[in-house]
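Report on the following structure.
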Amino acid sequence: MVKTKIAVLISGNGTNLQALIDAQKSGLLRHGSIEMVISSNSIAHGLKRAENAGIKTAVVTKKMAGSQKAFEEGIRAELEKNGIELIVLAGFMQILSKEFTDAYPRRIINVHPSLIPAFCGKGCYGLKVHEKALAYGVKVTGATVHYVNEIPDGGKIILQKPVRVKKGDNPAVLQKRVMEEAEWQILPKAAEIVSKRIMKEKAAEMESYDKERIDKLVEDNSYLGRGIVLGRTADGAKAVSAYFIMGRSDNSRNRVFVKEGDELFTRPYDESKVEDPSLIIYAAIRKSGNRLIVTNGDQTDTIYEALEAGGTFEEALKTRTFEPDFPNMTPRISGMILLGEKDFEYKMSILKSATREGTKTARYTFDYESEPGLGHFIHTYECDGDPLPTFSGEPERVDIPDDIDCFTDKLWTGLNADNKISLYVRYTDAITGEYEDRLINKMEK
Ligand code: GAR
């Protein structure tokens with residue numbers, strides 16, 4: 001099971017970040033993995049700590065962004081790009097809007113250097129917290145880790161630890177003791193607790209989509225040929241496209257998927273072993289404007305060119321036929337997602353021989369209005385055989401989870417181990433066109 005992906009947001013020294021890095025090394029933090037550090041300050045020392053630990057960094061400052069909205073959008077773009085599931089604010093000196101916190105319910109935690117509800121809220125951060133605590137004369141202070149909502153330091157408390165105030169303490173001395181005795185202890189612990197919860201939720205999600213699970217649809221079938229899945233995530237936000245190839249001959253198995261820009265190609269793995277590149281080397285994914293094309297052959301280019309010239313998916317495929325590999329007469333399968341709106345649509349097509357001899361083509365197009373949590377799956381063959389029996393009927397319904405790793409893992413592990421070659425999955429924001437993807441090549445594993 002994939003660990004919870006964590007982003008740590010910092011603004012300064014990053015000692016709390018260091019505590020998280022150390023906890024990951026020691027195994028205290030084991031259900032989460034720190035994928036990246038985002039700093040709101042370009043010269044934060046915490047960035048060095050991340051680099052020293054080999055963790056990816058990004059800098060998003062309010063000044064650079066120009067407004068709170070652009071600042072938060074910049075952060076969200078980084079989080080999305082890296083598939084982040086848990087955001088840990090560790091000495092992050094910016095307040096996040098309701099719009100931001102609502103987008104990550106129970107997925108943002110913060111460490112604050114006092115026993116909340118004392119000495120917290122807007123304007124009460126860093127050293128100021130300890131100045132106030134000393135001015136008030138408290139005998140005990142401490143630190144709190146809590147969930148983050150729209151109220152500064154107002155979310156539900158996860159962990160707290162008290163620290164005694166000593167005679168002669170000044171704010172800096174007290175701050176250091178609170179950090180050492182409380183913050184660096186409870187922040188990694190809380191990160192572990194929440195990472196574990198998120199992993200459990202993901203596992204439950206995996207179990208619950210049982211009925212039309214992609215792994216159920218592909219397992220116990222040794223040969224499906226090439227397959228396309230198109231659909232929409234359960235949260236409704238993303239357009240899902242997946243393409244896999246399976247192969248039986250050495251010529252076909254000698255392949256990998258290669259991404260070039262936003263396009264996906266099949267390429268020979270070992271150039272010296274190529275016997276016949278026709279039919280097996282092609283662009284599998286291309287994009288024309290806000291139309292995403294996925295196919296199992298060079299009809300990707302035919303569709304692309306037609307769309308660029310103002311034509312349609314159907315018109316393009318009208319000029320094509322099934323593959324000339326008699327006696328199999330492998331069908332050409334194609335898909336297209338019409339991005340650009342929340343309730344997007346998608347199409348699927350299959351071109352197959354209408355006759356036993358392969359003298360005529362039958363063209364079927366399936367036109368879908370997208371539905372959250374639902375996708376459709378088409379593949380070239382029903383199963384293994386000689387000749388290979390062509391896919392028949394309409395594309396199968398498939399459950400689509402929100403989690404790209406969940407879907408990718410299920411599909412890849414479900415496919416027959418000997419015959420699978422490569423898998424590519426892309427989750428695209430239907431409105432912005434931004435996407436997250438996963439690529440697996442058996443040859444490179
Ligand atoms: C820490 O004491 C942290 O709790 C506090 O700033 C300091 C930063 O330390 N955060 C807040 O006050 C947030 N409201 P660090 O950069 O060394 O982790």
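Does Glu78 satisfy being part of a helix (DSSP H, G or I), under 26 Å from Asp402 (Cα atoms) and of a type in the set (Asp, Glu)?
yes
Based on this model, can you work out whether Asp153 counts as among the acidic types (Asp, Glu), touching a residue at least 24 places away in the same chain (Cβ under 8 Å) and at positive phi?
So Asp153 fits the description; yes.
Considering segment 90-124 alone, what residues qualify as being within 24 Å of the chain's Cα centre (by Cα) and among the polar types (S, T, N, Q)?
Answer for segment 90-124, where residues must be within 24 Å of the chain's Cα centre (by Cα) and among the polar types (S, T, N, Q): Ser97, Thr101, Asn110.
Only one of Leu279, Leu224, Leu292 is over 21 Å from Leu415 (Cα atoms) and part of a loop (DSSP other than H, G, I, E, B); which?
Step by step, each of Leu279, Leu224, Leu292 is checked, and only Leu279 is over 21 Å from Leu415 (Cα atoms) and part of a loop (DSSP other than H, G, I, E, B).
Kindly list the number of the only condition in (1) in contact (Cβ under 8 Å) with a residue 40 or more places away in the chain; (2) under 22 Å from Arg267 (Cα atoms); (3) part of a strand (DSSP E or B) that fails for Ile350.
Here Ile350 clears every test but (2).
Do we find a residue being more than 29 Å from Ile84 (Cα to Cα), small (Gly, Ala, Ser), touching a residue at least 12 places away in the same chain (Cβ under 8 Å) and assigned to a strand (DSSP E or B) anywhere in segment 320-334?
Yes.
If we only count helices (runs of 4 or more DSSP H) wholly inside segment 84-188, which ones have 3 or more residues that are within 15 Å of the ligand (Cβ to nearest atom) and surrounded by 22 or more Cβ atoms within 10 Å (Cβ to Cβ)?
Per the criteria, 127-136.
Report, by residue number, each residue of segment 363-393 that is among the charged types (D, E, K, R) and touching a strand residue (DSSP E or B) at 6+ places or on another chain (Cβ under 6 Å).
Correct list: Arg363, Asp367, Glu369.
List the pairs whose first member sits in segment 115-129 and is over 14 Å from Gln175 (Cα atoms), whose second member is within 8 Å of the ligand (Cβ to nearest atom) and of a type in the set (Asp, Glu), and whose Cβ atoms are under 6 Å apart, counting only residues at least 6 apart or on separate chains?
Ile116/Asp153; Cys120/Asp153; Gly121/Asp153
Here are the criteria: (1) surrounded by 15 or more Cβ atoms within 10 Å (Cβ to Cβ); (2) closer than 20 Å to Asp220 by Cβ; (3) over 25 Å from the mean Cα position of the chain (by Cα); (4) not aliphatic (A, V, I, L, M). Tell me which single one Ser353 does not satisfy.
(2)
Filter segment 394-404 down to the residues that are over 13 Å from Ile214 (Cα atoms) and at pLDDT below 95 and list them by number.
Within segment 394-404, Asp402, Asp403 meet the criteria.
For segment 25-47, how many residues are closer than 15 Å to Ile84 by Cβ and surrounded by fewer than 17 Cβ atoms within 10 Å (Cβ to Cβ)?
Selection size over segment 25-47: 1.
For segment 59-67, check the following and say yes or no: at least one residue is at pLDDT 95 or above and within 18 Å of the chain's Cα centre (by Cα).
no
Which condition number does Leu9 fail, the rest of (1) closer than 20 Å to Glu183 by Cα; (2) in contact with a Gly (Cβ under 7 Å, 6 or more places away or on another chain); (3) within 14 Å of the ligand (Cβ to nearest atom) being met?
Of (1) closer than 20 Å to Glu183 by Cα; (2) in contact with a Gly (Cβ under 7 Å, 6 or more places away or on another chain); (3) within 14 Å of the ligand (Cβ to nearest atom), only one is false for Leu9: (2).
Please work out which residue is farthest from Asp220 (Cα to Cα), limiting yourself to segment 377-419 and to residues that are of a type in the set (D, E, K, R) and in a helix (DSSP H, G or I).
That would be Asp405.
Looking at (1) in a helix (DSSP H, G or I); (2) more than 12 Å from the ligand (Cβ to nearest atom); (3) modelled with pLDDT of 95 or more, which is the one condition that is false for Ser42?
(1)
Is segment 48-55 home to any residue that is surrounded by 15 or more Cβ atoms within 10 Å (Cβ to Cβ) and within 25 Å of His130 (Cβ to Cβ)?
Yes, because at least one residue in segment 48-55 is surrounded by 15 or more Cβ atoms within 10 Å (Cβ to Cβ) and within 25 Å of His130 (Cβ to Cβ).
Taking Leu29 as the residue in question, decide whether it is outside any helix (DSSP H, G or I), within 16 Å of the ligand (Cβ to nearest atom) and modelled with pLDDT of 95 or more.
Against the criterion (outside any helix (DSSP H, G or I), within 16 Å of the ligand (Cβ to nearest atom) and modelled with pLDDT of 95 or more), Leu29 qualifies.
Taking Ala19 as the residue in question, decide whether it is touching a helix residue (DSSP H, G or I) at 6+ places or on another chain (Cβ under 9 Å), within 16 Å of the ligand (Cβ to nearest atom), under 19 Å from Lys202 (Cα atoms) and outside any loop (DSSP other than H, G, I, E, B).
No; evaluated as a whole, the condition is false for this residue.
Could you tell me which residue of segment 409-434 is surrounded by the fewest Cβ atoms within 10 Å (Cβ to Cβ), considering only residues that are among the β-branched types (Val, Ile, Thr) and touching a residue at least 60 places away in the same chain (Cβ under 8 Å)?
The qualifying residue surrounded by the fewest Cβ atoms within 10 Å (Cβ to Cβ) is Thr413.
Quick one: which of Lys69, Lys48 is part of a helix (DSSP H, G or I), within 16 Å of the ligand (Cβ to nearest atom), out of contact with any strand residue (DSSP E or B) (no Cβ under 8 Å at 6 or more places or on another chain) and of a type in the set (D, E, K, R)?
Only one candidate passes the filter, namely Lys48.
The values are calculated or read from the model by the stated rules, or taken from the named source; none is laboratory data. If you're wondering where the values come from, they're calculated on a predicted model, not measured in any experiment. Using ideal geometry, Cβ is built from the backbone for each residue, glycine included, and neighbour counts are taken over all protein chains shown.
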